[in-house]
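The values are calculated or read from the model by the stated rules, or taken from the named source; none is laboratory data. Predicted model, so just to flag it, every value in this text is computed and none were measured. Don't worry about glycine lacking a Cβ; one is built from the backbone with ideal geometry, like all the others, and counts go over all protein chains shown. In case anyone asks, the SASA skips ligands and DNA or RNA and just uses the protein heavy atoms, side chains included. Shrake-Rupley method; radii C 1.70, N 1.55, O 1.52, S 1.80 Å.
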Amino acid sequence: MPKRIQTIRGFRDILPQEAQKWWYVERTARDVFSLFGFREVKLPILEQTALFARSIGETTDIVEKEMYSFQDKGGDNVSLRPEATASIVRMFIQHSLYQQPLAAKLFTIGPMFRRERPQKGRYRQFYQIDAEMFGFERPLADAEMIFMLTTILNQLKVAEYDLHLNSLGCPQCRQAFKEALKRFLEDKHQKLCPDCQRRRLLNPLRVFDCKSEGCKEVLKEAPLITQYLCQDCKTHFESLKGYLEAFGIAYLLDPYLVRGLDYYTRTIFEVTIPGIGAQSAVAGGGRYDNLIEVLGGRSTPAIGFAIGMDRLLPCVPDPDKEARPIFLALLGEEAVKIGLKWVQFLRKVGIWTEIDYRLGSLKSQLNRANHLKAKFCLIIGEDEIKKGKAILRDMDTKEQLNVALEPNSEIIEKLKGGKN
Ligand code: HAM
């Protein structure tokens, strides 16, 4: 027997049962996005490596260790996208979307790739629902983004989650903080892990991303960014908090939150769900007012977030109503021909319709209908054809009633009651 080929470590298949829930989550997110005026974009999965190096940052874990980067056959350095923000910004600049009012609020849904150590809730291919808003500097935009994120979570009936909030300030106040952090870490060099020893000098903020216990211990005494915010950044953060309170959105101030990507300025946030394991961050985002300029565009403030679908899904209760089909039990060739008319008719009006392709006995067809959790079964056999009436069986109550043999709209309302 030839050796079977399996998925690569950290990659997985999404089987039909689970895929259905994915679809429900995506649909709910899309519905919320349209209420907030966000429009969908589709982006390439492969981009120039430089795009991510310049935006996410050379000294971040993502760029240093986790990207799937390679030289293609033409010698170009390319990477599978580890996130969507950099690509949306590239698209925004490349197509000069500055002036189009409807291009200010965009979302995309799709797979991302990071070569992290796989564990529960952490995959090398994972899916994000990502939203970005361009052109608005004021904190009302931040509040609206966070409100949209919580609306999605609430619509999905995610029971318990925490919203962590912090401000990273602007490059000016961040510089003073970085200097203070560098000074603080100077004499703790030996206590830091080799990565952080290097980062201490290059990009000290990234020491906050470190998972090693030693580094975490050192940071307990570290200066905090919030102590260094300039007046403008402080005011921005205060107004955001006021708007969140007006929206009735609870948040936890988390001065240690820095997020693992270099492009952020001012507001950053993360949603965690307690009790789901080490990988508890189901969404994260923030403002990135300088990124468009860094990537060669015209200075444009922006803010966004991404929801990690793989982590969120297990926390989403199953939707109340599962879609259920109508099953046509057809006995004999003549019944099949009438049945095919029904199939066309029912699907045209949006009703999920199933038939038994083996055309077995009535008993086996009803079994199949039960197996598929059909709400109704429309039975047509020789007797029914003779009488000119089909039988409509309610599979839950077992009640049967005679209905017209040929497709007709009379029973549509009844049938639709069995649909989601
Ligand atoms: P991020 O925090 O790196 O932010 O990722 C967002 C979410 O993606 C995480 O909270 C997590 O749920 C999910 N995620 C990340 N890595 C993995 C993984 N290996 N396996 C499973 N899920 C994962 C960003 O990507 C930013 N682009 C968000 C953003 C948009 N900021 C501004 N706009």
Asp356 - would you say it is within 24 Å of Lys398 (Cβ to Cβ) and touching a Lys or Arg at 6+ places or on another chain (Cβ under 9 Å)? yes
Every residue in the range 38-62 that is within 14 Å of the ligand (Cβ to nearest atom) and not small (Gly, Ala, Ser), please. Phe38, Val41, Leu43, Glu47, Leu51, Phe52, Ile56, Thr60, Asp61, Ile62
If a residue must be open to solvent by less than 50 Å² (accessible area, probe 1.4 Å), more than 15 Å from Asp383 (Cβ to Cβ) and hydrophobic (A, V, I, L, M, F, W, C), how many such residues does the range 330-351 contain? 5
Please determine, by comparing only the residues of the range 389-408 that are out of contact with any strand residue (DSSP E or B) (no Cβ under 8 Å at 6 or more places or on another chain) and closer than 19 Å to Pro325 by Cβ, which one is surrounded by the most Cβ atoms within 10 Å (Cβ to Cβ). Pro407
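Residue-by-condition table, conditions (1) without any contact (Cβ under 8 Å) to a residue 60 or more places away in the chain; (2) surrounded by fewer than 19 Cβ atoms within 10 Å (Cβ to Cβ):
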site	(1), (2)
Leu240	no, no
Pro255	no, yes
Tyr263	no, no
Thr267	no, no
Val294	no, yes
Arg298	no, yes
Leu312	no, no
Asp318	no, yes
Pro325	yes, no
Being without any contact (Cβ under 8 Å) to a residue 24 or more places away in the chain, assigned by TED's automatic domain parsing to the domain that holds Gly332 and in a helix (DSSP H, G or I), is that true of even one residue in the range 403-412? yes
Report the residue count in the range 352-363 for those that are more than 36 Å from the chain's Cα centre (by Cα) and open to solvent by less than 50 Å² (accessible area, probe 1.4 Å). 2
Per-region count, the range 358-386, residues assigned to a helix (DSSP H, G or I) and touching a residue at least 12 places away in the same chain (Cβ under 8 Å): 9
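Okay, residues lined up against (1) without any contact (Cβ under 8 Å) to a residue 40 or more places away in the chain; (2) outside the structural domain of Ala278 (by TED's automatic domain parsing); (3) surrounded by fewer than 18 Cβ atoms within 10 Å (Cβ to Cβ); (4) aliphatic (A, V, I, L, M):
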position	(1), (2), (3), (4)
Ala143	no, no, no, yes
Met148	no, no, no, yes
Glu160	no, no, yes, no
Leu185	yes, yes, no, yes
Gln197	yes, yes, yes, no
Arg206	no, yes, no, no
His236	no, no, no, no
Phe247	no, no, yes, no
Return the pairs, sorted by first residue and then second, in which the second residue is of a type in the set (D, E, K, R) and open to solvent by 100 Å² or more (accessible area, probe 1.4 Å), the first residue lies in the range 211-234 and is in a helix (DSSP H, G or I), the beta carbons are less than 7 Å apart, and the residues are 6+ apart or on different chains. Gly214/Lys191; Val218/Lys191
Out of the residues in the range 77-106 meeting the condition of being of a type in the set (Gly, Ala, Ser) and surrounded by 20 or more Cβ atoms within 10 Å (Cβ to Cβ), tell me which one is nearest to the ligand (Cβ to nearest atom). Ala84
Restricted to the range 269-287, and to residues that are modelled with pLDDT of 95 or more and β-branched (Val, Ile, Thr), which residue is surrounded by the most Cβ atoms within 10 Å (Cβ to Cβ)? Val282
Scan of the range 1-33 for residues that are without any contact (Cβ under 8 Å) to a residue 60 or more places away in the chain, open to solvent by 100 Å² or more (accessible area, probe 1.4 Å) and within 16 Å of the ligand (Cβ to nearest atom), ordered by number: Asp13
Would you mind stating whether Leu43 is at pLDDT below 95 and not charged (D, E, K, R)? no
Answer yes if at least one residue in the range 114-128 is open to solvent by 10 Å² or more (accessible area, probe 1.4 Å), more than 28 Å from Gly10 (Cβ to Cβ), touching a residue at least 60 places away in the same chain (Cβ under 8 Å) and more than 9 Å from the ligand (Cβ to nearest atom), and no otherwise. no
